[in-house]
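To start, the structure itself, in structure tokens.
No value in this document is a laboratory result; all are computed from the given coordinates. Every value quoted in this text rests on a predicted model; they were computed, and no experiment measured them. Every residue, glycine as well, gets a Cβ built from its backbone with ideal geometry; the counts of neighbours run over all protein chains shown.
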Amino acid sequence: MTPDPTEAQQAAGYAAEIIEGCRRGERSALQHVLRAEAPALQRVLARIVGRKDGAEDLLQLTFEHAIRAFPAFRGEASVRTWLTRIAVRTAMHELKHPSRKRRVALDLIEGGQNNTSPSHPQRETEARARLRTVYEHLERLDPVQRTAFVLFQVEGRSMEEVSALMDSNLSTTKSRVMWARRKLFDRLRKDPRTLDWLSEYGNGAL
Amino acid sequence: MASRCVEFEELIDREARGWSEADRLRIERHLGDCEGCRHTLGLSRVVRDTISAASELGRDASIERALTRALDASTHAPRKERFATSRRLRVTAGSLALAAAAALLLWFSQARQQAPVPQPTLAAVPTSTKSSVLTTEPEQTAWIETHEVERRTFAHASVVLSANARVRFDDANSELLLERGSVEVHVDPAPRRAFRVTTRRFRVEVLGTKFTVSDDSVAVVEGRVRVLDLQGRAIRNELHAGEQFAYGSQEATVSTEEPAEAPASAEKKRSSTRTPSRIPADVWLARAREALSRGNSDAALAHIVQAEASSPRRNDRAEALTLRAEAALVAHDTSSAIRLYELVASKYGNLTAGENGAFAAAQVAARSDPAHARILFTRYLARYPQGRFSEEAKKRLISLKTK
């Protein structure tokens, strides 16, 4: 997993005048910052919501919220953390109030741009099926628990970071992750499609 | 079913920040003993890698489109003005709402300080069922007495009250006071609020689970609870699914003896006296799942036998047979597992368990006997052409035919 840039790196990347330009609503400054942060935001949105259709709309919505909120940005958190918090809220709102009927079927992998080699279509097919199964069960989780789980277990963020992104305290976050993990894994274990999943992982060997 | 090993969960939570050498040794030792945790760790990695791999994308075009539209939307003058107006309206509306709430609060607090409200009559106080009686106390702390088994909702918990139960709910503390009878409680974990049941002898604290409490016992069906004395000291820090606490001695013991009769089964009995307890099939099945998650197929089979002897419903019988198949897998008896899955499919074909069994039989067979697997996948597709696993079955069939 690609580590996020440190705050020092980000601070070095966004000069004070850029941030000030964002606060004033200057288009060029906003483009500079949002374009740089967009891939990370897009990734978070895709992982939480789990569908391709509407992902661009969610990203646009995240940008709009950020642009409106930038005048009040005081720099207590890094720009990336602040923007990620907005993206997480946007995703959770979408989960709780879907703007359109959600399809469970996922095609997050488009045109062979995923990590699997184009010479292994079988693996790509299996990866798609696996992804579909995972999100089929993730869809049944409470949106808040699901978001906490994705941020912690998939994004690899610490409990403290997840708490900050979701505006909750640490024990609440831990409970959410624990319940989501138990419910999801209980369902996956009962799903016969997962019987072969662990063969390549050595059934949990370190 | 996910492992219930608390120690393992603490360690897996640390994986994101990297394990120390000491962590690694502890984990290896634990995984050596616990098949359930091995399975959970494997699933955790599968889920993480599956989602991570899929979302590593480059979508420059869509990023640019989203960014351009967002900037255009934000810098367009009329929208800005509308936004400014709507924000003022929201602020104004918010202020009005705050003022209204403050006025309401003030009125309410003044009303409570006035002379007590006259005792309500039964006709004046709404009830959820004709079978219960509200004793004459202010509505906020009314006791509920039942003549028959009934189900009520208190905050985020669904509660089945036994016949002749007497309870009162304190909404502020999410606490159900149980003076008489027993309750079966199913707490929704989503709101993330604790729920307590207090008897005359002890208190049960829970966060999202299903359990039964009577005067002198607690039995957990799902999740886990903590049992405290009335001074708040822990009698039992954690009681897991399938376990029971019986209050009867200075040092309360936990046993797997039969818990107090679940209120739902009291529907069949009209007597108000306590009858000999009997564990329902779904409790035995939960214990069997727990045993399988720990890799203990022998214990699981013992619980399954008990479930099958407990007058199970058809769904429970289907699940019992499915668990027998899983127990065979845990015991590495693949041929028995396939046979049992096929039996589930043939006996309960119209249930979800039946379809699951049909597909599972083919999946397991595919590991060692491709010819048999082809037959089973074909049989699955013939029976469930639009089934939940039909796409997967078609792809497996194609891959098996090319082998």
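Here are a few things to note about the model shown:
- Among the residues of A:175-188, the average count of other protein chain beta-carbon atoms within 10 Å of the residue beta-carbon is 5.
- Across B:K347/B:K401; A:K190/B:K347; A:K96/B:K210; B:K347/B:K394, pairs whose alpha-carbon gap is larger than 27 Å: B:K347/B:K401
- Sorted on the mean count of surrounding Cβ atoms within 10 Å across their residues, most packed first, peptides B:299-305, B:24-30 read B:299-305, B:24-30.
- Prolate/oblate/rounded label for segment B:326-403 (Cα gyration tensor, a/c 1.5): oblate
- Charges were assigned to the Cβ only: +1 to each Lys and Arg, -1 to each Asp and Glu. The resulting dipole of segment A:18-96 about its Cα centre is roughly 160 debye.
- Basic side chains Lys and Arg get +1 at the Cβ, acidic Asp and Glu get -1 at the Cβ, and with that the dipole of segment B:297-356 about its Cα centre reaches some 220 debye.
- With the simple model of a label 7 Å out from the Cα in the direction of the Cβ, B:A299 to B:S311 spans 2.9 nm.
- Segment B:308-403, relative contact order in percent, only Cα pairs under 8 angstrom and at least six apart counted: 18 percent
- Checking every one of the GluC sites (Glu not before Pro) in segment A:56-86 against DSSP loop status and a limit of 14 other Cβ atoms within 10 Å picks out A:E76.
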